[in-house]
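Down below is the structure, laid out as structure tokens.
The values are calculated or read from the model by the stated rules, or taken from the named source; none is laboratory data. Source: prediction; values computed, not measured. Calculation scope for accessible area: heavy atoms of the full protein, side chains included, ligands and nucleic acids excluded. Shrake-Rupley method; radii C 1.70, N 1.55, O 1.52, S 1.80 Å.
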Amino acid sequence: MKKFNTGLFIRKVEKILAQADMRIVVDNEILLKDTPFSEITELAEPRARPSGAPTDPEEEPWNAPARLAQYGHQRLPSSTALNLYVIDSFGRRGIKGLSLGTPGPPLSSSYYFGVLIERSEDDDSMAYLAAHEICHFLGLDHPLRWSASAQLYTDGLGDTEATYSNLMGSGLDLTAGQIFVLTRSPLLRVK
């Protein structure tokens with residue numbers, strides 16, 4: 001696999017998030033060697049619904065993604081920045097990215113404070129995944145989602161549709177309503 005170019009990756013993520021006038025600042029870049037977190041196969045099972053797509057995994061505090069968030073916080077205990085973890089593999093088909101909260105918790109010491117994406121040869125795909133998961137963490141949901149009770153819910157925003165062009169679907173665009181939610185997230189630092 002090719003060497004990961006952090007600068008190029010961040011510029012691509014920023015280009016997507018620029019719609020909401022958001023900028024990314026990299027405080028630290030740490031390579032976690034010799035840890036069990038390179039390949040994360042221990043995930044909560046998605047709940048399949050007979051009438052639609054599975055729900056997102058709901059991680060427990062002792063599952064690997066939550067343990068990785070805790071490990072990352074221990075490495076940088078004074079940081080309040082959102083940790084983005086680029087892992088080699090989730091080890092299962094279909095899961096390429098994961099936000100530990102929608103929205104994420106306000107405490108950086110929480111085991112639900114982090115975003116994970118799977119490494120790929122395709123920088124554009126990785127940038128999309130990172131932007132999508134960061135937006136989950138900042139409060140955006142998918143335009144349509146199945147609940148645990150098999151009910152279909154919308155994100156509650158009047159201007160989103162489940163289209164291929166929307167970032168919270170499989171595209172790159174944000175609506176005015178989504179931008180409104182993002183820019184009012186208490187998790188953003190405003191300068």
Whole-Å distance linking the alpha carbon centroid of the range 144-191 with that of the range 68-106 is 20
Let me make sure I get this right: for the range 139-190, a, b and c are the square roots of the gyration tensor eigenvalues over alpha carbons, sorted descending. Under 1.5 in a/c it's rounded, otherwise prolate if a/b > b/c, else oblate. Which is it? oblate
Distant alpha-carbon pairs in the range 78-191 (separation over 22 angstrom), percent: 36
Quick test of the membrane-span-like rule: which DSSP H helices of the chain reach at least 20 Å along their long axis (C-alpha atoms) with mean Kyte hydropathy at least -0.5? 123-137
Taking the radius of gyration and the Kirkwood hydrodynamic radius from Cα positions alone, what is the Rg/Rh ratio for the chain, to two decimal places? 0.93
Kindly provide the helix-only [θ] at 222 nm of the chain, computed as the sum of -39,500 (n - 2.57) over DSSP H runs of four or more divided by all residues, to the nearest 500 deg cm²/dmol? -7500 deg cm²/dmol
Counting only DSSP beta bridges fully inside the chain, the antiparallel percentage to nearest 5 is 55
So how exposed is His136, as accessible area in Å² (1.4 Å probe, rounded to 10)? 10
Just how many % of Cα pairs in the range 61-120 lie over 20 Å apart, if you round to the nearest whole percent? 20
